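K.L.:
Questions regarding the structure given below will be posed in turn.
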Amino acid sequence: MNILKVADCYNVYIDNSFEGFYDVLKANINENTKIFIVTDSCVHKKYEALFIEFANTLNASLCVFNHGEDNKSIDTISFIYNHLLENEADKNSVIIAIGGGVVGDMAAFAAATFMRGIKFINVPTTLVSQVDSCIGGKSGYNYRGIKNIIGCFYNPKLVYISTHFLKTLSKEHLLEGFGEIIKYGVIMDKNILDFLNNNSSGLFSFEDSIYLSIIKECLKIKAEVIAQDYNDKAFRNILNFGHTTAHAIEAESGYTIPHGIAVALGILTALKLSEKLLKLESDVYKNAIKLYTKLGLPTSYKVDNYEAFLYAIKHDKKNNDKINFVLLENLNKCRIKVEVKEDDILWALKNSITMEVFNK
Ligand SMILES: NC(=O)c1ccc[n+]([C@@H]2O[C@H](COP(=O)([O-])OP(=O)(O)OC[C@H]3O[C@@H](n4cnc5c(N)ncnc54)[C@H](O)[C@@H]3O)[C@@H](O)[C@H]2O)c1
């Protein structure tokens, strides 16, 4: 088992099985702690036997909400609070999130706010959540159509990653993780891009060693970044590369385009903007397109409503009155808070992800 320490604060255990989890749990919580497992309907269905074993072995209470980004809402938060109250959670209780980024973000927010904070453990089960959302402390939910507009920072007591969970992901869900992985390759470590290029077949045959290595590398980068700027005041913004457009794609599509795919598309637009505004060499974009094609990631998106799209960009929580983007000067050299005009965004969209649509 690999152990990564995040900001001297908590451990991330990374393994290809789930066997070590009980020992890790035992070492980290007291015997009499009430355990609340929070998951979504899809993960619950896929891993019913595991949840039954959990409930029996740990005497845990199970809280299952409907899966999907449109349930990342205040109603679901209420649902979790009600479950905690009805099952007599107390200040010493622990919430264990087992699921993707939606479960992790929501369970963390519920843990952060219930009785002013109870313990939280994260067991991420999607590639997006294993390479990215499980560390960094960001929690929250969407409100009035705006992504993650309500939330807070709250660290888990520990994170337990098992690549075993990835085997039940569909190809589409796997692809969603590639968006965030490519982001790390673009902003910080081009070796990740080479690794993806050289191991594309192993990725789809779920080779554990490939995933263990990618997860470790991505989390190491994220841990280094958040160690320098946990509260996302400046440097941590680089992790949002591609995300401003991504959030707009998610919102404009009514959340039918999943986060990771939206990030992958957002990266392409950010690369084009970088070419225009920071003179990024065009090979970076061209190589990205080649990699996307090899992996089967989409390279185009049809914007139906540009007004709604720009509205979402302007109201992205990371922007003030100005529209700021994280852009790239060179591969692995980011510049944060680059002010971008609406016309530049439209130009970049029309010369990247919406290009095919325009040329039809
Ligand atoms: N907190 C952060 O720093 C951070 C970072 C990145 C993304 N996010 C958030 O994470 C969310 C996206 O995460 P996601 O892509 O994991 O989405 P998700 O949690 O919605 O999971 C995608 C789908 O996969 C299902 N699923 C989960 N695990 C599975 C498994 N092992 N096998 C089969 N199906 C499984 C889920 O039920 C869901 O239907 C977004 O809301 C995004 O805002 C947060």
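K.L.:
For Asn191, all conditions in the list (1) crowded, with 16+ Cβ neighbours inside 10 Å; (2) not assigned by TED's automatic domain parsing to the domain that holds Ile37 hold save one; what is the number of the exception?
P.N.:
Asn191 satisfies all of (1) crowded, with 16+ Cβ neighbours inside 10 Å; (2) not assigned by TED's automatic domain parsing to the domain that holds Ile37 except (1).
K.L.:
If you check Val159 against the conditions, is it buried (at least 20 other Cβ atoms within 10 Å of the Cβ) and over 17 Å from Thr126 (Cα atoms)? Quick ask: steps written out before the conclusion?
P.N.:
Numbers: buried (at least 20 other Cβ atoms within 10 Å of the Cβ): yes; over 17 Å from Thr126 (Cα atoms): no.
Spelling it out, it is not the case that Val159 is buried (at least 20 other Cβ atoms within 10 Å of the Cβ) and over 17 Å from Thr126 (Cα atoms).
K.L.:
Does any residue of region 159-180 turn out to be at pLDDT below 95, farther than 17 Å from Leu219 by Cβ and away from the ligand (no atom under 12 Å from the Cβ)?
P.N.:
no
K.L.:
I'd like to check something: does region 290-313 contain any residue that is in contact with a strand residue (DSSP E or B) (Cβ under 6 Å, 6 or more places away or on another chain), modelled with pLDDT of 95 or more and assigned to a loop (DSSP other than H, G, I, E, B)? Quick ask: steps written out before the conclusion?
P.N.:
First pass over region 290-313, keeping only residues in contact with a strand residue (DSSP E or B) (Cβ under 6 Å, 6 or more places away or on another chain): none.
Checking region 290-313: not a single residue is in contact with a strand residue (DSSP E or B) (Cβ under 6 Å, 6 or more places away or on another chain), modelled with pLDDT of 95 or more and assigned to a loop (DSSP other than H, G, I, E, B).
One line per residue, one yes/no per condition, for (1) touching a helix residue (DSSP H, G or I) at 6+ places or on another chain (Cβ under 6 Å); (2) more than 30 Å from Asn199 (Cβ to Cβ):
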{"residue": "Ile257", "(1), (2)": "yes, no"}
{"residue": "Gly260", "(1), (2)": "yes, no"}
{"residue": "Asn324", "(1), (2)": "no, yes"}
{"residue": "Met355", "(1), (2)": "no, no"}
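K.L.:
Quick check on this structure: which one of Ser274, Ser282, Ser201 is over 25 Å from Ile353 (Cα atoms) and away from the ligand (no atom under 16 Å from the Cβ)?
P.N.:
Working: Ser274 fails: over 25 Å from Ile353 (Cα atoms); Ser282 fails: over 25 Å from Ile353 (Cα atoms).
After applying the criteria, what remains is Ser201.
K.L.:
Looking at region 112-137, which of its residues are in a strand (DSSP E or B) and either surrounded by 23 or more Cβ atoms within 10 Å (Cβ to Cβ) or not basic (Lys, Arg) (or both)? Lay out the reasoning, then the answer.
P.N.:
Our first condition is that a residue be in a strand (DSSP E or B); within region 112-137, this holds for 119-124.
Residues satisfying the conditions are Phe120, Ile121, Asn122, Val123, Pro124.
K.L.:
Within region 123-153, track down each residue that is hydroxyl-bearing (Ser, Thr, Tyr) and near the ligand (Cβ under 10 Å from one of its atoms).
P.N.:
Just the residues of region 123-153 that are hydroxyl-bearing (Ser, Thr, Tyr), to begin with: 125-126, 129, 133, 139, 141, 143.
Across region 123-153, the qualifying residues are Thr125, Thr126, Ser129, Ser133, Ser139, Tyr141.
K.L.:
Now for a different question. Cβ-Cβ under 8 Å, sequence separation 6+ or interchain: first residue in region 115-128 and basic (Lys, Arg), partner assigned to a strand (DSSP E or B) and more than 8 Å from the ligand (Cβ to nearest atom). Which pairs?
P.N.:
Every condition considered, the pairs that remain are Lys119/Val94; Lys119/Ile95.
K.L.:
Quick check on region 46-97: of everything there that is small (Gly, Ala, Ser) and within 15 Å of the ligand (Cβ to nearest atom), which residue is farthest from Asn32 (Cα to Cα)? Show your work before the answer.
P.N.:
Quick first cut of region 46-97, residues small (Gly, Ala, Ser) only: 49, 55, 60-61, 68, 73, 78, 89, 93, 97.
Filter again for within 15 Å of the ligand (Cβ to nearest atom), leaving 49, 68, 73, 97.
Working: Ala49: 24, Gly68: 33, Ser73: 31, Ala97: 19 Å.
Result: Gly68.
K.L.:
Just wondering, is there one or more residues in region 192-209 that are in contact (Cβ under 8 Å) with a residue 24 or more places away in the chain, within 30 Å of Glu329 (Cβ to Cβ), polar (S, T, N, Q) and part of a helix (DSSP H, G or I)?
P.N.:
Yes, because at least one residue in region 192-209 is in contact (Cβ under 8 Å) with a residue 24 or more places away in the chain, within 30 Å of Glu329 (Cβ to Cβ), polar (S, T, N, Q) and part of a helix (DSSP H, G or I).
K.L.:
Just one of (1) within 26 Å of Phe195 (Cα to Cα); (2) surrounded by 15 or more Cβ atoms within 10 Å (Cβ to Cβ); (3) of a type in the set (S, T, N, Q) trips up Thr293, so point out which.
P.N.:
Unmet condition: (2).
Residue by residue, here is whether (1) within 23 Å of Cys42 (Cα to Cα); (2) among the β-branched types (Val, Ile, Thr); (3) out of contact with any Phe, Trp or Tyr (no Cβ under 6 Å at 6 or more places or on another chain) holds:
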residue	(1), (2), (3)
Asn66	yes, no, yes
Ile96	yes, yes, yes
Ala108	yes, no, no
Phe114	no, no, yes
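K.L.:
Scan Thr39, Thr33 and give me the residue that is surrounded by 12 or more Cβ atoms within 10 Å (Cβ to Cβ), touching a residue at least 60 places away in the same chain (Cβ under 8 Å) and more than 12 Å from the ligand (Cβ to nearest atom). Walk me through how you get there before you give the answer.
P.N.:
On the way: Thr39 fails: more than 12 Å from the ligand (Cβ to nearest atom).
None of the other options fit; the residue is Thr33.
K.L.:
For region 227-236, does any single residue satisfy the condition of being surrounded by 15 or more Cβ atoms within 10 Å (Cβ to Cβ), within 15 Å of the ligand (Cβ to nearest atom), polar (S, T, N, Q) and under 24 Å from Ile95 (Cα atoms)?
P.N.:
no
K.L.:
I'd like to verify a number: residues in region 238-254 that are outside any loop (DSSP other than H, G, I, E, B), out of contact with any Phe, Trp or Tyr (no Cβ under 9 Å at 6 or more places or on another chain) and over 16 Å from Asp189 (Cα atoms), how many?
P.N.:
The qualifying residues number 4.
K.L.:
(1) over 27 Å from Val24 (Cβ atoms); (2) surrounded by 19 or more Cβ atoms within 10 Å (Cβ to Cβ): which one isn't true of Asp75, the others all being true?
P.N.:
The one condition Asp75 does not meet is (2).
K.L.:
On the given criteria, is Leu268 surrounded by 15 or more Cβ atoms within 10 Å (Cβ to Cβ), over 22 Å from the mean Cα position of the chain (by Cα) and not assigned by TED's automatic domain parsing to the domain that holds Tyr143? Walk me through how you get there before you give the answer.
P.N.:
Numbers: surrounded by 15 or more Cβ atoms within 10 Å (Cβ to Cβ): yes; over 22 Å from the mean Cα position of the chain (by Cα): no; not assigned by TED's automatic domain parsing to the domain that holds Tyr143: yes.
In short, no.
K.L.:
When you look at Leu280, is it outside any helix (DSSP H, G or I) and within 23 Å of Ile336 (Cα to Cα), yes or no?
P.N.:
Yes; evaluated as a whole, the condition is true for this residue.
K.L.:
Return the residues of region 98-110 that are in a helix (DSSP H, G or I) and within 13 Å of the ligand (Cβ to nearest atom); say none if nothing qualifies. Talk me through it step by step, then tell me what you get.
P.N.:
Here is the first cut: in region 98-110, the ones in a helix (DSSP H, G or I) are 101-110.
Gly101, Val102, Val103, Gly104, Asp105, Met106, Ala107, Ala108, Phe109 - these are the residues of region 98-110 that are in a helix (DSSP H, G or I) and within 13 Å of the ligand (Cβ to nearest atom).
The values are calculated or read from the model by the stated rules, or taken from the named source; none is laboratory data. These figures come from a predicted structure and were not determined experimentally. We place every Cβ from the backbone using ideal geometry, glycine too, and count neighbours over all the protein chains shown.
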